[in-house]
């Protein structure tokens, strides 16, 4: 099968890998953090409970398997492309069936595309989970500008400007004439501006089904 990125100019595959040196440096910094410099534990009155934070850091040092998470991350098809001066990252999962509906899902703050790891396959391939193949979506999951693997904007972007960048990604770069969008938290605000500024390319699913 021809690689998705070969069909669209300026879209390149992306794979994430952190070097052993970087991981070891982070692990050592967490393991040797000078807890004695912190104030006496005040429960949750002064921020994060100190004993809870120590347990969490101990898990990062001794229990968390970064390579396993990295492998899961890279099990999806990731890409990057320049949009409005920003190196935008996104996951692209081509849906099953003859006419999968394009669906853009956007994460919140301070989240990432990892929020959707359990949703992408069921949305794109419902027949694998007992659903109807004709209900499949082609799922596009971008990292919001300045978040995750997407590039840093030249100045702070609010949700309206983020919506403009994502609209360009969906229509100008990926070539969708229309699509659905969903977002939670900050992504919800982005989707609201998509509907306000970029109709009719953006459709709210409760209003219209562009396949009909």
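Rundown of residues vs (1) exposed (fewer than 11 other Cβ atoms within 10 Å of the Cβ); (2) within 25 Å of the chain's Cα centre (by Cα); (3) modelled with pLDDT of 90 or more, yes/no style:
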| position | (1), (2), (3) |
| --- | --- |
| 11 | no, yes, yes |
| 18 | no, yes, yes |
| 21 | yes, no, yes |
| 26 | no, yes, yes |
| 45 | yes, no, no |
| 51 | yes, no, no |
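Residue by residue, here is whether (1) touching a strand residue (DSSP E or B) at 6+ places or on another chain (Cβ under 6 Å); (2) surrounded by fewer than 17 Cβ atoms within 10 Å (Cβ to Cβ); (3) at pLDDT below 95; (4) within 18 Å of residue 78 (Cα to Cα) holds:
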| residue | (1), (2), (3), (4) |
| --- | --- |
| 138 | yes, no, no, yes |
| 142 | yes, no, no, yes |
| 156 | no, yes, yes, no |
| 159 | no, no, no, no |
| 199 | no, yes, yes, no |
key: Single unsatisfied condition, residue 87 versus (1) in contact with a strand residue (DSSP E or B) (Cβ under 9 Å, 6 or more places away or on another chain); (2) surrounded by fewer than 18 Cβ atoms within 10 Å (Cβ to Cβ); (3) over 23 Å from residue 18 (Cβ atoms)   = (3)
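The values are calculated or read from the model by the stated rules, or taken from the named source; none is laboratory data. Because the structure is predicted, anything quoted here is derived from the model rather than measured. Methodologically, a virtual Cβ is constructed for each residue, glycine included, from the backbone with ideal geometry; neighbour enumeration extends over all protein chains shown.
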